[in-house]
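Please read the structure below before turning to the comments.
The values are calculated or read from the model by the stated rules, or taken from the named source; none is laboratory data. Values in this document were obtained by computation on a predicted structure and should not be read as measured data. Glycine gets a Cβ as well: all are built from the backbone with ideal geometry, and neighbour counts include every protein chain shown.
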Amino acid sequence: MRVLVLGGTAEARALAALLVAQGDDVESSLAGRVRNPALPAGRVRVGGFGGAPGLADHLTATRTDVLVDATHPFATRISANAAVAARAAGVPLVRLLRPGWRGHPLASGWHWVGDYDRARQAAEQLGGRPFLTTGRQTLPHFGSWVGRDVLVRVVEPLEQVPDGWSVLLDRGPYDVAGELALLRAEAVGVLLTKDSGGTYTAAKLEAAARAGVPVVIVERPALPDGVPSVEDAVQVQALLRRL
Ligand code: NAP
């Protein structure tokens, strides 16, 4: 079976490894945002397709049998494009979406908000030094914090560091002890995150509870309509066998 995996996540790499091991012809696609990405098993291509039409052309040209959207839960544009392109090319599409943190034992104590602007407002009301972990692309929503004392963690360096901000360059996985030490050493007053789900970056949530730091969390965007969704690589594998 020829499978195109839209990746950039640990789950996508797990899926590529599983499918390659059972002899499928797997191509993984990365956006090219990160300079030294962890590479999945099988073939890898890097860079945008040129919107849904470009992705549809790619599916047809490569005679792909199945498209798996295993991108990050907040990568909404590529997921929307995948739904349109799969329909246009007549290729079945499966969404691999890791479970969110709504079911986390601490979730009821967090401040859930619908978008990044509301996250900024909620953090301002809570007060204290913000620790921004919502990702580089979300930072324009926090432009009014230029000149404030803000800690931000990103995977890739920022082109320009806003006045007053301290930048931590790091990528998961993290552990609770390390996150707790960081929250304390940096005198964090409020943690801002988004409902990425999974275990890679979840340690900060437990650490925040232990340190008494409130958590502001952005809810997940909606899924494109009509796309079957499963939660892990093994479930995708089972679904592909049925297809
Ligand atoms: P996005 O906003 O949904 O997509 C923007 C554009 O980037 C797409 O229209 C597409 O360009 C290109 N693109 C995105 N993912 C691609 C992929 N896997 N392969 C080829 N092109 C891709 O995406 P994003 O939020 O920037 O995420 C980019 C990548 O980083 C994804 O692979 C995602 O899994 C990963 N990632 C994202 C986050 C996050 O918080 N958003 C966190 C961790 C990892 P064209 O229209 O030209 O095809």
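When each of ASP175, ASP163 is tested for being touching a Gly at 6+ places or on another chain (Cβ under 8 Å) and at pLDDT 95 or above, the lone residue that passes is ASP163. Does any residue in region 75-103 that is free of Cβ contacts under 8 Å to residues at least 40 places away in the same chain come within less than 8 Å, Cβ to Cβ, of a residue that is within 13 Å of the ligand (Cβ to nearest atom) and among the aromatic types (Phe, Trp, Tyr) six or more places away or on a different chain, and which pairs are these? Listed pairs, sorted by first residue: ASN81/PHE49; ALA85/PHE49.
Close Cβ contacts (under 7 Å, 6 or more residues apart or on different chains) running from residues in region 109-121 that are outside any strand (DSSP E or B) to residues that are of a type in the set (Asp, Glu) comprise GLY114/GLU219.
As for region 117-125, it holds at least one residue that is exposed (fewer than 15 other Cβ atoms within 10 Å of the Cβ), touching a helix residue (DSSP H, G or I) at 6+ places or on another chain (Cβ under 7 Å), within 24 Å of HIS72 (Cα to Cα) and modelled with pLDDT of 95 or more.
Taking the criterion of being exposed (fewer than 14 other Cβ atoms within 10 Å of the Cβ) and modelled with pLDDT under 95, would at least one residue in region 184-201 satisfy it? Checked region 184-201: at least one residue is exposed (fewer than 14 other Cβ atoms within 10 Å of the Cβ) and modelled with pLDDT under 95.
Against the definition (away from the ligand (no atom under 16 Å from the Cβ), in contact with a helix residue (DSSP H, G or I) (Cβ under 7 Å, 6 or more places away or on another chain) and more than 20 Å from HIS111 (Cβ to Cβ)), how does VAL167 come out, yes or no? No.
If you go through region 169-187 one residue at a time, how many are part of a loop (DSSP other than H, G, I, E, B) and touching a strand residue (DSSP E or B) at 6+ places or on another chain (Cβ under 7 Å)?
2
Within region 203-230, restricting attention to residues that are within 16 Å of the ligand (Cβ to nearest atom) and surrounded by fewer than 21 Cβ atoms within 10 Å (Cβ to Cβ), which residue is farthest from LEU67 (Cα to Cα)? Per the criteria, the residue is GLU219. For region 36-74, taking the residues that are under 18 Å from GLY226 (Cβ atoms) and of a type in the set (Val, Ile, Thr), the one that is farthest from the ligand (Cβ to nearest atom) is identified as VAL66. Selection of region 1-24 for residues being surrounded by 13 or more Cβ atoms within 10 Å (Cβ to Cβ) and part of a helix (DSSP H, G or I) yields ALA10, GLU11, ALA12, ARG13, ALA14, LEU15, ALA16, ALA17, LEU18, LEU19, VAL20. One residue stands out among those in region 76-87 that are surrounded by fewer than 19 Cβ atoms within 10 Å (Cβ to Cβ) and not β-branched (Val, Ile, Thr): the one that is farthest from the ligand (Cβ to nearest atom), which is ARG87.
Selection of region 36-69 for residues being of a type in the set (Val, Ile, Thr), surrounded by 14 or more Cβ atoms within 10 Å (Cβ to Cβ) and under 21 Å from GLU11 (Cβ atoms) yields VAL44, THR64, VAL66, VAL68.
Scanning region 188-243 for residues that are among the β-branched types (Val, Ile, Thr), over 19 Å from ARG13 (Cα atoms) and assigned to a loop (DSSP other than H, G, I, E, B) yields VAL188, VAL213, VAL227.
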